[in-house]
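The values are calculated or read from the model by the stated rules, or taken from the named source; none is laboratory data. Small disclaimer: the values here were computed from a predicted structure and weren't measured. Counting neighbours? That spans all protein chains shown, and the Cβs are built from the backbone with ideal geometry, glycine included. Each accessible area value is taken on the protein alone, full model and side chains, heavy atoms only, with ligands, DNA and RNA left out. Shrake-Rupley method; radii C 1.70, N 1.55, O 1.52, S 1.80 Å.
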Amino acid sequence: MTTKQNKWWQSAVLYQIYPRSFQDTTGNGVGDLRGIINRLDYLEKLGITAIWLSPVYKSPNDDNGYDISDYEDIMDEFGTMADMDELIAEAKKRDIRIIMDLVVNHTSDEHAWFIEAKKGKDNPYRDFYVWRDPVNGEAPNDLESTFSGSAWEYDETSGQYYLHLFSKKQPDLNWENETVRQKVNDMMNSWLEKGVGGFRMDVIDLIGKIPDEKITGNGPKLHEYLKEMNQATFGNYDVMTVGETWGATPEIAKMYSNPEREELSMVFQFEHVGLDEQPGKQKWDLRPLVMSELKQVLSKWQTSLGDEGWNSLFWNNHDLPRIVSRWGNDQEYRVESAKAFAILLHLMKGTPYIYQGEEIGMTNCPITSIEEVEDIESVNMYNDRLSKGYSKEEIIHSINTKGRDNARTPMQWDSSNQSGFTKGEPWLHVNPNYQEINVEAALEDKESIFYTYQKLIQLRKDNPLVVWGDFELQETAEEVFAYVREFEGERWLVVVNLSNNEQPFTSQEVMKEVLVQNMPVEDSLIDIKLKPWQSFAVKV
Ligand code: TEU
């Protein structure tokens, strides 16, 4: 194994912070950078190596910071650039790196470039964005925005349309324009100079789009642009990069993350995340998860990248429902199922990501009316589907199952008013279960989900097997996920019951030592009955 390149991010564990909902220190109901600084000791205790910080740049917040009006300044509600510098420095003292969210498929319509571009066809910034003439008096084609409706918005002043694959306040940048690419590189370099640990690249697979041919993801020049960016910016630093790539197959993932190609460290692939959706439809169109498919997909990603790429491992982020509510059981088996998903994920090969609150088993937060919803994606979908004849009940059900606010309710720190998140009125309701589910309670209980995460992170730090070992899926009952990791003669068996029922399990392996478990394990592995959600890893 001497050929391994051994980059720091291959043995790292990341923690994603959605700053708006993490910790408010000013009483305005919105989280801030000072709040993150104050909680660094907590994150150090958990053991994470790096923080992926969702966007903190200046933004009018049409999409909570994913619409950026100035890449080199901080959002007023979050603090100042001095706070940001302090966060980087304070994190560094604790051996924690800060990974910035790089949102460069689009800017805000309030970014200086777009304000200029809108002034007219001969403005020097015009070509920074994607403008097209009307066709037969209408939008150039029927490309749709991810946030419902046409991806083209008419501009009265010039009589042209501009492209926005997300909200109309998020105009797409024109990556074919060399000056755009240079400006993005300059901006990235100024953040790298500040000492950040890398970038998470928002919808990066869209930057090679050819809108006229209705090609959005995986456009022909995508990899050329990434190579250029790598050479001009982060390739010159010891940092990590992770691309958000919704359409990645293992073959595509290798194109991004094969070290020889010098593009990105790894990508987020979303194949497992789509398994409870009807194929070819939208994320709102649900179908039950089939466990054998989940096993097959996760196992495929474990074995197919080899040395030509690197996996990222995640169940949650700020766009996804909480795993314990989605595929676990957030009622009678909340603790057991949250630990089961943690054990399953953290002992696989790749870099794990924890989304804030996952480590204490925070759950989805159901709503009863659209007035309670903040997320632009859900609100637009609601109006769109209402006009198409869907019933309110149906739409609210979809939002409760898949809506992004589920993951965005404020972090639950303690049982005091507003869960210790704010002294004011929170921008989004706190989940009413905060008196039971909160950090303070988790830290006091030695059997809490928090300590399972802490243990799993420590196991990764202490055992090269977790980072480098081969992966082999085991034959089991449908609802049981079991795999063996093997490295330099050492073997670990991981067994997870993904159901509310007892499940049979048997293995000829001889158990040598229990490494982690969510309930006591028997002495032998031959013909045992796994209790609901029972999960463990053992040395064999
Ligand atoms: O998400 C990309 C994206 O396509 C999501 O909107 C996704 O389709 C949807 O949320 C599925 O749940 C990224 C960011 O993660 C997201 O927060 C932003 O809204 C979006 O890009 C635009 O920047």
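At a glance:
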| quantity | calculated |
| --- | --- |
| Listed residues Trp152, Tyr129, Ser507: farthest to the positive end of the dipole of the chain (Cβ charges) | Ser507 |
| Local electrostatic count, Tyr353, Cβ distance below 12 Å [Lys/Arg +1, Asp/Glu -1] | -2 |
| Taking N as its residue count, the alpha carbon Rg of the range 396-540 over 2.2 N^0.38 Å | 1.32 |
| Pairs of alpha carbons in the chain whose separation is greater than 44 Å (percent) | 14 |
| Burial order of peptide ranges 26-37, 102-113 (average beta-carbon count within 10 Å, highest first) | 102-113, 26-37 |
| Sum of -39500 (n - 2.57) over DSSP H runs of 4+, divided by residues of the chain (222 nm, nearest 500) | -8000 deg cm²/dmol |
| Using θ = phi - 60° and Karplus 6.51 cos²θ - 1.76 cosθ + 1.60, couplings along the range 298-308 (whole Hz; Gly, Pro as x) | 5, 5, 4, 5, 5, 9, 8, 7, x, 8, 9 |
| Ellipsoid equivalent to the range 329-390 - semi-axes via the Cα gyration tensor, in Å | 32, 15, 11 |
| Residue-wise HN-Hα coupling along the range 384-390, computed from phi with Karplus coefficients 6.51, -1.76, 1.60 (Hz; x: Gly, Pro) | 4, 6, 4, 5, 8, x, 5 |
| Residues of the chain: accessible area per residue with a 1.4 Å probe, Å² | 39 |
| Net +/- balance of residues flanking Lys539 in space, Cβ distance below 10 Å, scoring K and R +1, D and E -1 | -1 |
| Table column - 3J(HN,Hα) (Hz), the range 417-425, Karplus curve with 6.51, -1.76, 1.60, x for Gly and Pro | 3, 6, 6, x, 6, 8, 8, x, 8 |
| Stokes-Einstein translational diffusion, the range 50-92 - Kirkwood Rh over all Cα pairs, 1.567 mPa s, 4 °C, in µm²/s | 120 |
| Alpha-carbon radius of gyration plus Dmax, which is the widest Cα pair, for the range 383-446 in Å | 15.9, 51 |
| Enclosed volume per residue, in Å³, of the convex hull spanned by Cα atoms of the range 253-386 | 142 |
| Descending semi-axes in Å of the range 222-267, equivalent ellipsoid built from Cα gyration tensor | 17, 10, 9 |
| Computed over the range 1-120, Cα set: Rg, Dmax in Å | 16.5, 59 |
| Rg and Dmax [Cα atoms of the range 481-529; Å; Rg one decimal, Dmax integer] | 11.3, 36 |
| Bridge type composition, the chain - antiparallel percent by DSSP, nearest 5 | 60 |
| Acute angle (nearest 10 degrees) that the helix 334-346 long axis makes with the longest principal axis of the chain, alpha-carbon atoms | 80 |
| Peptides ranked, highest mean first, by Cβ atoms within 10 Å: ranges 63-75, 433-445 | 63-75, 433-445 |
| Under 5 Å, built H, 5+ apart or other chain: amide partners of Ile215 | Ile210 |
| Translational D in µm²/s for the range 169-294 (Stokes-Einstein at 4 °C, 1.567 mPa s, Kirkwood Rh from C-alpha pairs) | 81 |
| When the convex hull of its Cα atoms is projected in every direction, mean area for the range 421-493 (nm²) | 8.5 |
| With Cα atoms, 0 to 90° folded angle of helix 392-402 axis to the chain main axis | 60 |
